[in-house]
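Asks: A single structure is presented below for examination.
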Amino acid sequence: MTDPAHYDGREQAYVKHSLLEKYLPQWAYRVGREWGKLVYVDAFAGPWQVASSEYLDSSFGVAVASLEHALEGLRRYWKINPSLQAVLLGTTASKRAELETYAAKHRTADVTIDTLQGEFAERVEAIDELIGADKKKAFRFVFLDPKGWAQIPMERMAPFLQSRSCEVLVTLMTRHIYRFLDQPDRADSYRNLFGRNGVLERLQECPKPLRSELAVLEYRDSLKILCGFKYVSCAVVFRPDREEVLYYLMFATNHPKGVEVFKDAEIKAAKIQDSVRIDAQSRKGGQPELPLDGDGQRTQVVNELRERFSRHARRDVIHTLLKNGDRPLPYSELFCVAMAYPLVTPEDLHSWVVTLPGVKLTLGGEKRRTPSPDENKGDYATATDAGALRRELDRS
Ligand SMILES: C[S@@+](CC[C@H](N)C(=O)[O-])C[C@H]1O[C@@H](n2cnc3c(N)ncnc32)[C@H](O)[C@@H]1O
């Protein structure tokens, strides 16, 4: 388990690793029952600022430990034995040597760990080759965790990620994106990051306080349009000591179940984040200086962002219902639309659907009261009064 003691001064990494630790075992249980091989690609493995000699506070250490544990569960309770391959990339010979030391300790008959040296954009084919002939039988989870944004050109990423059996988690450094937006010599790097024309101009035209959020929405579109993912969701990571967003973790998948499991992990990691930020503040100055809001757990900036993203999500829900006409819309689809936004919860969606005018919720199964994102449960939402919904949209 991730240990907060290893993360003094870099609590944001604890939040990120907690998210991986919550998501990956669920991913392994879900896809490991159908696929013979699970592949974890950590293309920015570092190692970076690790305090634990066993790399328990690195992304690959957390990921491999979580997946080893999940495989053990699959063997014991499901009597199935998928294999695991981890591919770890370090930029320099010494980083790769560190990764090799780690790998040597963790390789087993069922766990392959390959290490590579170089920059992600130049090693994409080499990573693909390592996954190799088994690609069709393998399901990949790719973690791209750069410190900046120039290292993940969309043109190189997209062909690597375009597959039904692939999910990705990408760190989007919105703080840097925001900072360099008006420097003319950076224009190409924005084009490389988003991979589409017009994004830079839209970001420049956007009012400054809303630019980071627009960057998230534009990146979401790039993951869908250029990498071919059906669903995108994301988590927000704040500076531990300030009221400021540090980065977003963008998650893309082709299955609603992926969104459901990611959202669950995101909510748990967001709670950890709230308490970690308050703790970090208390340690620094005795009393927390971050302005607490609402239930006394979230700070003001978290609550403000939650409100803005909730407004976006609710509007998208209304749009989706209207677009679907008067036919029943699977609740799982609506779930993916709303959960595209960070800090928005399944309870928020449920409350919107039952309070929106002109919407009927139908649950498959008489005894259930709460709609489920599971498409097999047969839950639907139907727009019964488009006029009332349109008026609601105008008001929101
Ligand atoms: C934010 S750290 C990631 C740390 C790691 N994912 C973790 O959470 O423990 C980014 C790492 O990527 C490495 N890096 C920088 N540029 C890279 C590139 N072009 N390709 C691959 N790795 C790179 C850096 O050396 C650094 O160790």
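The values are calculated or read from the model by the stated rules, or taken from the named source; none is laboratory data. These numbers were taken from a predicted model, which means no experiment stands behind them. Because the Cβ atoms are built from the backbone with ideal geometry, glycine has one as well, and the counts that use them run over all protein chains shown. Heavy atoms of the whole protein, side chains included, go into the accessibility calculation; ligands, DNA and RNA do not. Shrake-Rupley method; radii C 1.70, N 1.55, O 1.52, S 1.80 Å.
Asks: Just give me the residues in segment 185-211 being in contact (Cβ under 8 Å) with a residue 12 or more places away in the chain and part of a loop (DSSP other than H, G, I, E, B), in sequence order.
Replies: Passing the criteria: 195, 196.
Asks: I need the full set of residues from segment 62-84 which are part of a strand (DSSP E or B) and open to solvent by 10 Å² or more (accessible area, probe 1.4 Å), in order please.
Replies: 83
Asks: Output the number of the condition that residue 369 fails; it satisfies all remaining conditions of (1) charged (D, E, K, R); (2) in a helix (DSSP H, G or I); (3) open to solvent by 50 Å² or more (accessible area, probe 1.4 Å); (4) more than 25 Å from residue 251 (Cα to Cα).
Replies: The failed condition is (2).
Asks: With the condition kept exactly as written, say whether any residue in segment 323-336 is in a helix (DSSP H, G or I) and modelled with pLDDT under 95.
Replies: no
Asks: Quick check on my filter: what residues within segment 47-101 are out of contact with any strand residue (DSSP E or B) (no Cβ under 9 Å at 6 or more places or on another chain) and acidic (Asp, Glu)?
Replies: 54, 57, 72, listed by residue number.
Asks: Do you know which residues across segment 25-60 are within 20 Å of residue 110 (Cβ to Cβ), within 16 Å of the ligand (Cβ to nearest atom) and among the aliphatic types (A, V, I, L, M)?
Replies: The one that is within 20 Å of residue 110 (Cβ to Cβ), within 16 Å of the ligand (Cβ to nearest atom) and among the aliphatic types (A, V, I, L, M): 41.
Asks: I would also like to ask the following. Consider segment 13-61. How many of its residues are β-branched (Val, Ile, Thr) and either surrounded by fewer than 23 Cβ atoms within 10 Å (Cβ to Cβ) or touching a Pro at 6+ places or on another chain (Cβ under 8 Å) (or both)?
Replies: Total satisfying the criteria: 2.
Asks: Which condition number in (1) touching a Pro at 6+ places or on another chain (Cβ under 8 Å); (2) open to solvent by 30 Å² or more (accessible area, probe 1.4 Å); (3) not in a helix (DSSP H, G or I) is the one that residue 234 fails?
Replies: Against the list (1) touching a Pro at 6+ places or on another chain (Cβ under 8 Å); (2) open to solvent by 30 Å² or more (accessible area, probe 1.4 Å); (3) not in a helix (DSSP H, G or I), residue 234 comes up short only on (2).
Asks: Could you tell me which residue of segment 374-386 is nearest to residue 323 (Cα to Cα), considering only residues that are at pLDDT 95 or above and open to solvent by less than 30 Å² (accessible area, probe 1.4 Å)?
Replies: This residue is 383.
Asks: From the list 93, 70, 97, pick out the single residue that is under 22 Å from the mean Cα position of the chain (by Cα), small (Gly, Ala, Ser) and more than 9 Å from the ligand (Cβ to nearest atom).
Replies: Selected residue: 70, the only one of 93, 70, 97 that is under 22 Å from the mean Cα position of the chain (by Cα), small (Gly, Ala, Ser) and more than 9 Å from the ligand (Cβ to nearest atom).
Asks: Is it fair to say residue 261 is under 12 Å from the mean Cα position of the chain (by Cα), farther than 17 Å from residue 172 by Cα, touching a residue at least 12 places away in the same chain (Cβ under 8 Å) and crowded, with 21+ Cβ neighbours inside 10 Å?
Replies: It is true that residue 261 is under 12 Å from the mean Cα position of the chain (by Cα), farther than 17 Å from residue 172 by Cα, touching a residue at least 12 places away in the same chain (Cβ under 8 Å) and crowded, with 21+ Cβ neighbours inside 10 Å.
Asks: Pick from segment 237-258 the residues that are closer than 17 Å to residue 18 by Cα and aliphatic (A, V, I, L, M): which of them is surrounded by the fewest Cβ atoms within 10 Å (Cβ to Cβ)?
Replies: If we take residues in segment 237-258 being closer than 17 Å to residue 18 by Cα and aliphatic (A, V, I, L, M), then 246 is surrounded by the fewest Cβ atoms within 10 Å (Cβ to Cβ).
Asks: State which residue is farthest from the ligand (Cβ to nearest atom) when the search covers only segment 5-24 and only residues that are in contact with a Leu (Cβ under 7 Å, 6 or more places away or on another chain) and under 22 Å from residue 165 (Cβ atoms).
Replies: Once the filter is applied, the top-ranked residue is 24.
Asks: Do we find a residue being surrounded by fewer than 18 Cβ atoms within 10 Å (Cβ to Cβ) and within 21 Å of residue 395 (Cα to Cα) anywhere in segment 299-307?
Replies: Yes, the conditions are met somewhere in segment 299-307.
Asks: While we're on this one: Within segment 338-358, count every residue that is without any contact (Cβ under 8 Å) to a residue 60 or more places away in the chain and open to solvent by less than 40 Å² (accessible area, probe 1.4 Å).
Replies: Matching residues across segment 338-358 total 8.
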